[in-house]
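Notes to accompany the following structure.
Values quoted throughout were computed directly from the atomic coordinates according to the rules given, and no laboratory measurement underlies them. Here the structure is a predicted model, which is why all the values come from computation and not from measurement. Here Cβ is always computed from backbone atoms with ideal geometry, including for glycine, and neighbour counts include all displayed protein chains.
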Amino acid sequence: MLLEIFADTVCPWCYIGKRRLMRALTQRPQPDLKLRWRAFQLNPGMPMGGIDRSQYMTAKFGSLERAQRVFDNVARVGRHEGIDFRFDLVRRTPNTLRSHRLIQAASRIGRESLLLDHLFRAYFSEGIDIGDAEILVRLAEDVGLPSDIAHSAVNGLPEIDTALNEDFQSRRLGITGVPYFIFNGRFGLSGAQEPEVLYNMFDLAREDDVQMAVS
């Protein structure tokens, strides 16, 4: 069974969705599951240096007060998943392309899921700018990615093509929000779904595997 997940590293619902997915896999293991994290940029036109968080929130939600109400709800949901969202610590909204390149590089050694956890925690719980190249390299080294590979990744050699192509692919597929789950390349599921919903999709994908095997 193949599960591809389009996500962005500054998407709080992607963080929640990942936690719920891991909980679902703990409660109902899928031994033959191939898990792939795919790049999606919520803000593909973001300057590489990012922008001031308050400026971004005001432009997106109309006011800081409205943004605060939205993120208070996200934080409440996150607490149920063991996530300590500290939106008050975030000072900049980064461009996420470099972080996606790094995830692609980490996939070579099977550490992409662990790196994604580090990126989520750094940004959402510590307010760290995950658009900064040197910070990204340090986070990558923490999960065992060699420094030279990490530097090459954040500078776009050669992971930039993969990360950008995945982002383009998501838009060709009509994906406009993340997280977005695709099972066996055939069955799509949008949103940070509870484990019970994911169980149904696991069953559907497994039935699909069986039908493909006998056809």
Quiz prompt | the chain: proportion of alpha-carbon pairs further apart than 26 angstrom, % | solution = 36
Exercise. For Phe40, list long-range residues whose amide hydrogen, built 1.01 Å from N in the peptide plane, is under 5 Å from its own amide hydrogen.
Key: Ala7
Quiz item: Expressed as an acute angle from 0 to 90° and rounded to the nearest 10, what is the orientation of the C-alpha long axis of helix 133-142 relative to the principal long axis of the chain?
Solution: 50
Quiz item: For helix 112-126, what angle does its Cα long axis make with the longest principal axis of the chain, in degrees from 0 to 90 and rounded to 10?
Solution: 30
Quiz item: Charges only on Cβ, +1 for Lys and Arg, -1 for Asp and Glu: so what's the dipole of the stretch 73-117 about the Cα centre, in debye to the nearest 20?
Solution: 220
Practice problem: Pop the C-beta distance of Ser152 and Asp203 into the FRET formula with R0 = 45 Å and round what comes out to the nearest 0.05. | Solution: 0.65
Quiz prompt | Inter-label distance for Ala59 and Val210, nm, one decimal - labels placed 7 Å from Cα along Cα-to-Cβ | solution = 5.1
Exercise. Apply the Karplus parameterisation 6.51 cos²θ - 1.76 cosθ + 1.60, with θ equal to phi minus 60°, to every residue of the stretch 187-204 and state each ³J(HN,Hα) to the nearest whole Hz, in sequence, with x for glycine and proline.
Key: 10, x, 9, 9, x, 7, 7, 5, x, 4, 6, 5, 4, 4, 6, 4, 5, 4
Self-check item: Volume per residue that the Cα convex hull of the stretch 130-176 spans, once the total is divided by residue count, Å³
Solution: 85
Self-check item: At 0.890 mPa s and 25 °C, Stokes D of the stretch 1-47 from Kirkwood alpha-carbon radius, µm² per second
Solution: 205
Exercise. Note down the magnitude of the dipole of the stretch 1-96 about its Cα centre, charges +1 on Lys and Arg C-beta and -1 on Asp and Glu C-beta and zero elsewhere, to the nearest 20 debye.
Key: 180
Exercise. Could you check how many percent of all C-alpha pairs in the stretch 1-122 are farther apart than 17 Å?
Key: 61
Self-check item: Interatomic Cα distance distribution for the stretch 168-209, bins of 5 angstrom, percent
Solution: 6, 21, 30, 21, 15, 7, 0
Quiz item: Say R0 is 22 Å: what FRET efficiency, to the nearest 0.05, do Arg138 and Asn43 get from their beta-carbon distance?
Solution: 0.40
Quiz item: Pairing the Cα long axis of helix 159-172 with the longest principal axis of the chain, what angle in degrees results, from 0 to 90 and rounded to the nearest 10?
Solution: 70
